[in-house]
Every structure is written in C-alpha cells, then in structure tokens.
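Each remark here refers to the structure printed beneath this line.
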Amino acid sequence: MTEHAEPAGFTVVKSGSGWVALAGPGLTEDVDESALTANALWEAVTGKPGEGWVESVRVIDRRETAEAHRKAANDAAYADRRERAAKAKTEPATAAQLKYLNTLVAKAGRERFDAAYNKAVKGAGVAPRGAEEKTGQALGRLTKAAARKLITALVGP
C-alpha cells in the first residue's frame, strides 16, 4: 500500500499491523461508499486485484464545512453530558455516596484512604486532607465528582 499510495500523493495511516486510513486529494469525489471495500481500494491504488478483502471502507469528508457540521452535531449530542459533568464538579457529595464511602474507609485503612483521597481531590477544587482532620470532615468536603473518583479508587484492587 505505501509503495503505491505515497508516491501518488496519498497519506497512509497505519495502526498496529494494518492500515486504518488513506488521506489524499480527491478521495471523496464521486465515490459510491456502498461499493467501496478494502479490496476495491487496493485495486484503485495499486492497479492490482486485491486478495479477497471484503471489509467496508468509510469515506470521511474533511473539508472545513463538513468538519464544522460534524463538530456542531457532536457539541449538540454531548451538551447535556458536559453540563452534568460541570454541575457534578461543584455539587456536594450525596448522602448515599458518603454512606458508601464510610463503609469503604473502614475496610481500606487510613493510609490507603489518605492516598486515594488526595488523588481524588487533586484538581477538583477541594483541599487535600489535613493532618489532624477527621475522616468524616474530609468526606463532607467532597464534591460528587471527587466522591465518585474516591469510590472507584477504594473499590479497586
């Protein structure tokens, strides 16, 4: 693929042991995506028949207008998820999260809890646990997002 496609002005994108993309001039013009397969693409680029590959090939339009449309659709699709995530970063932890965390802290031990707590609150706008601060006080300062991180860290191995 690279010996024929690259001299023709195409960029071949590799991943692992195969190719995942072919970018170049005029690739999306007058292309019937339903008939485009890896075999047909190989034959078009090299001029030799393929070896029976039947994987479909997807054409992605990378023009500025198409990219702007794709970005707008993506923003609309994920707007509610981004809003929920931003809200969770400022809302305090729920009573259920705090109850579950108290159970996990009893099983995990102070040293493991301290390490996990400091990692969970890093960048969350919550101060790390103080030297003389009680566990309940530290848990009370958590946000929903930080509590979720802490629960994940304490449940893990």
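Quick look at the numbers
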{"read-out": "Verdict on Leu41 being open to solvent by less than 70 Å² (accessible area, probe 1.4 Å), modelled with pLDDT under 70 and either in a strand (DSSP E or B) or in contact with a strand residue (DSSP E or B) (Cβ under 9 Å, 6 or more places away or on another chain) (or both)", "value": "no"}
{"read-out": "Of all residues in the range 114-133 being open to solvent by less than 40 Å² (accessible area, probe 1.4 Å), among the small types (Gly, Ala, Ser) and in contact with a Lys or Arg (Cβ under 8 Å, 6 or more places away or on another chain), the one that is farthest from Leu154 (Cα to Cα)", "value": "Ala124"}
{"read-out": "Qualifying positions in the range 116-152 - over 13 Å from Gln97 (Cβ atoms) and not in a loop (DSSP other than H, G, I, E, B)", "value": "Ala116, Tyr117, Asn118, Lys119, Val121, Thr135, Gly136, Gln137, Ala138"}
{"read-out": "Among (1) at pLDDT 90 or above; (2) loosely packed, with under 11 Cβ neighbours inside 10 Å, the one test that Glu111 misses", "value": "(1)"}
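The values are calculated or read from the model by the stated rules, or taken from the named source; none is laboratory data. Predicted, not measured: the structure shown is a model, and the values here were computed from it. Every residue, glycine as well, gets a Cβ built from its backbone with ideal geometry; the counts of neighbours run over all protein chains shown. Ligands, DNA and RNA are excluded from the accessible area calculation, which covers all protein heavy atoms including side chains. Shrake-Rupley method; radii C 1.70, N 1.55, O 1.52, S 1.80 Å.
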